[in-house]
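Have a look at the structure below before the remarks.
Quick note: the coordinates plus some simple rules give every number you see, no bench work behind them. Computed from a predicted model, the values in this text were never measured in an experiment. Using ideal geometry, Cβ is built from the backbone for each residue, glycine included, and neighbour counts are taken over all protein chains shown.
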Amino acid sequence: MLSRLRLHLRDHPRSADASAIAGAFVLAVYASVEGTWGTSPDQLAWWPGVVLSALACAVLWWRRSYPRAVILIAGMCLSPAVVYGYLATPLLLAPVMLALYWLATEADRWTAHLHGLVMVVLVATPSAFSGNFGNALLATLNPVFFLLFPAAWGSARQSRRAYLESLYMRAELAERTREEEARRRVGEERVRIARELHDVVAHHLALANAQAGTAAHLVRRKPEQAERLITDLAGTTASALRELKATVGLLRRPDEEGTPTDPAPGLGRLPELIEEHAAMGLAVTVSTEGEERPLAPGVDLTAYRIVQEALTNVGKHAATDVARVTLSYAGNLLTITVSDDGTGQSTAAGMDAPGGYGLIGMRERAQSAGGHFTAGHRPDGGFTVTAELPVNF
């Protein structure tokens, strides 16, 4: 029952205001009728206090629109009652106390305390000098406390409400940050997997296409070479299937059966890559400068994929049968250079064609490993791809 009433008052603020004002009026009327004792033998008339209390409570209805003016008017209504001889009890001062509390819950602390002090001057001063009470000190201190207490209580409640709101906002911000971080990580993972799929599919399909085309050309004139190319084609497609299975397997959950455990390719598989390109007619020479050093797994995979993508595009677009790969180790840096002397459609043109992601993929791979990537035409013809990768990223 109380919960339903609390919810109703929260959803209907004007009903809550009317209930609080009615309660303050009842208390002020009771103080006017029963709290009129003084030092004189004759009891004060009750009706002036009731009229003044009614006026003070009536102005509370506009407290949402004019909170400061409402407090001043209510105080000026009750100040004559104290001068007339009514005892300044919390019952009589209920309308002013309610107005001060409401102001303190909405305004800043300085404003609330300032209006509390103004009410002390309006009410406590007449009470001290009214001469109707035996103990002037008690008659002064009581209204001072009764008028400053609601201002302090309202300020404390406002501070607590602000603190709870800040906690809620921090929790909401933390939740939103976690969601954004999760989306960012998912996006990065999707880009990484898409890059892997692009490299695997582009490389192996280019090899398979070249092997199939050459085999079809030689099947009548040189059946032995055609048979060897077809055998190599089977190996190429099998290797493509294995790498596709390993890449797509990254989408599985760690506890799901069938998750691939094969190590990621690296520069150790460079001889196999050279043999594959040799089978499709591209002679690749590999040279190493400096002292060869072991690479971090991520850098090793990045280096292999960059060489793989660069050679694939040389075979597809450079119109040449020779390519050079240089691995240069210097300090904590590995520099990979893949160059050709092609005179046909350049590697860059093929990678920058609509729908192509060769240069973009290699640049993203190099940057994700903490390195740099450049690509461009050579002055004497051909094209060069250069990637600088930290050895231990």
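A Cβ distance below 7 Å, combined with a sequence gap of six or more or placement on separate chains, defines the contacts here; from the stretch 374-393, residues that are of a type in the set (D, E) reach residues that are part of a loop (DSSP other than H, G, I, E, B) and surrounded by 19 or more Cβ atoms within 10 Å (Cβ to Cβ) in the pairs E388/G371. If you filter the stretch 59-93 down to residues that are farther than 17 Å from G116 by Cα and free of Cβ contacts under 8 Å to residues at least 12 places away in the same chain, you find that the one that is surrounded by the fewest Cβ atoms within 10 Å (Cβ to Cβ) is S65.
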